[in-house]
Amino acid sequence: MVLCSPQNPLQDGSLKPASWSLSPLPPSWYRGFTLFLTFLFYTSYHLSRKPISIVKSQLHRNCSTLIRPPNLNGTDNETWCDWAPFDKDNYQTLFGAVDNSFLVAYAIGMFFSGIFGERVPLRYYLTIGMLLSGLFTCLFGLGFYLNIHSIWYYAFVQVRAMNGLVQTTGWPAVVACVGNWFGKGKRGFIMGVWNSHTSVGNILGSLIAGVFVSSAWGMSFIVPGIIIASTGVLCFFFLVESESDLLARILKASQSRIADLEIFSSPGQSNSISSEPAEEHTKAISFCGALRIPGVMEFSLCLLFAKLVSYTFLYWLPLYIANVAHFDPKEAGDMSTLFDVGGIVGGIVAGLVSDQTGGRASTCCVMLILAAPMLFLYNHIGQYSLATTIGMLLVCGALVNGPYALITTAVSADLGTHESLRGNSRALSTVTAIIDGTGSIGAALGPLLAGLISPTGWNNVFFMLVTADILACLRLKIVYPRLQHFYRIPNCLWKQRQHNNCSLGAS
């Protein structure tokens with residue numbers, strides 16, 4: 001009895017019904033399940049990054065407003081409630097150094113992560129990354145229980161820098177998984193919804209850290225560390241990287257069953273099934289080859305400035321709210337989650353609009369233009385009332401994170417499957433890593449500059465953010481001439497004057 005056509009279903013890129021008949025579930029189920037799992041995985045990545053921004057306001061506090069315990073040793077009445085070494089006047093610079101040790105390591109590691117991601121099974125790659133990230137996140141929290149007060153421990157010996165390296169395993173791998181399962185049709189909307197994992201992770205990380213920040217801030221790191229390590233275990237047992245990976249598992253399981261049946265079959269009977277799926281002979285794209293794809297460099301530089309703004313908010317917004325609006329650490333952390341709520345809406349809207357108009361670049365440009373005055377207004381009127389604070393945080397979050405989300409998801413996936421690659425499917429992880437790695441340079445610069453500039457006043461910090469936002473938009477303007485065809489930027493009226501045969505349906 002023939003259970004499967006001997007022709008390999010992967011050789012011509014099609015999925016044969018006979019092959020799928022061996023699967024207990026339809027391919028659409030695996031597609032949805034992969035989307036859910038990768039959402040969960042990267043939520044845990046961001047959940048483990050967020051606690052440091054919440055704990056900052058606990059490590060250095062205004063001790064004059066607190067009642068000092070009578071049995072506390074020491075004579076410094078101004079810093080008795082602070083955690084050394086963050087009890088000095090240079091505490092903001094030290095916070096910037098701790099942030100930067102993570103972000104610089106992340107930016108450097110990202111360029112290499114995509115190269116490894118194209119050559120290592122994504123399931124193993126993600127599993128190892130999440131387990132190690134959980135370990136290093138917990139080590140930061142152990143500094144509280146071990147009473148460690150060395151800046152070098154928190155910046156390096158505590159492996160905050162190493163945590164930055166292992167966190168780079170996440171983004172290229174999850175984008176590659178989703179790109180393997182979903183085509184370009186509604187990629188912007190699907191990835192816009194899916195990319196809300198970034199904001200969901202930030203929100204959950206803020207809420208979890210806020211529960212422990214005032215009593216035992218070490219648990220603000222240990223609990224997220226345990227969560228991301230647990231999702232690493234889930235990844236190892238349940239992630240299906242692609243349709244090819246699924247078919248390989250199906251055929252392998254079927255061969256095992258056939259081997260068992262042959263033990264009981266007569267010598268003259270034979271059961272045929274396709275052999276192991278033929279390996280793809282397409283060579284993984286090189287780093288320089290990925291850079292030559294039209295649009296990669298331009299969008300990478302745009303993301304550098306967009307991510308500078310986003311990550312400055314990620315790491316410094318709770319402290320800004322605590323200092324300017326005079327909230328306690330937990331209230332400031334909870335209020336900062338509204339920026340991420342706005343980011344969820346902004347990412348979905350950006351993806352939906354870019355799908356409908358066909359203009360990824362133009363969608364980003366419009367949102368960046370609107371973000372600049374909103375940042376200026378938030379700094380000047382955002383703290384006038386609770387309603388104003390909530391409204392401005394939601395609007396700024398949507399306009400800042402919308403372009404960031406679109407570039408790191410749909411744009412990266414589009415460029416990773418660009419027509420110039422001629423069907424080479426082994427470029428998605430590398431392209432994603434280049435774009436996000438360049439953006440991560442901005443993510444490292446933003447918090448560092450905020451730490452250096454904030455002692456001179458928060459107005460100067462927001463001036464830096466507005467300038468970066470404008471520079472991100474300017475980088476997109478030079479991308480138009482090269483990507484008009486690929487992204488179908490809506491300039492039909494201009495083309496009609498010259499050719500009278502414009503078609504917005506060109507891809």
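Couple of notes before you dig in:
- Answer residue from segment 366-386, given it is closer than 15 Å to Leu399 by Cβ and at pLDDT below 90 and is surrounded by the most Cβ atoms within 10 Å (Cβ to Cβ) among those: Gly382
- Pairs where the first residue, in segment 84-95, is under 24 Å from Leu146 (Cβ atoms) and the second is part of a loop (DSSP other than H, G, I, E, B), C-beta under 6 Å, 6+ apart: Ala84/His149; Pro85/His149; Phe86/His60; Asp87/Thr79; Tyr91/His60; Leu94/Phe86
- Of the criteria (1) surrounded by fewer than 19 Cβ atoms within 10 Å (Cβ to Cβ); (2) closer than 25 Å to Asp436 by Cβ, which one Lys307 fails: (1)
- Output for segment 365-377, where each listed residue is touching a residue at least 60 places away in the same chain (Cβ under 8 Å) and closer than 14 Å to Phe339 by Cα: Ala371, Leu375
- Tabulated pairs, segment 165-182, first within 15 Å of Ala405 (Cβ to Cβ), second surrounded by 24 or more Cβ atoms within 10 Å (Cβ to Cβ) and of a type in the set (D, E, K, R), C-beta under 7 angstrom, 6+ apart or interchain: Trp171/Asp436
- All of (1) open to solvent by 60 Å² or more (accessible area, probe 1.4 Å); (2) at pLDDT below 55; (3) not in a helix (DSSP H, G or I) hold for Trp494 with one exception: (3).
The values are calculated or read from the model by the stated rules, or taken from the named source; none is laboratory data. The structure presented is a predicted model; accordingly, all values stated were derived computationally and were not measured. Because the Cβ atoms are built from the backbone with ideal geometry, glycine has one as well, and the counts that use them run over all protein chains shown. What goes into the accessible areas is simple: the full protein's heavy atoms, side chains included, and nothing from ligands, DNA or RNA. Shrake-Rupley method; radii C 1.70, N 1.55, O 1.52, S 1.80 Å.
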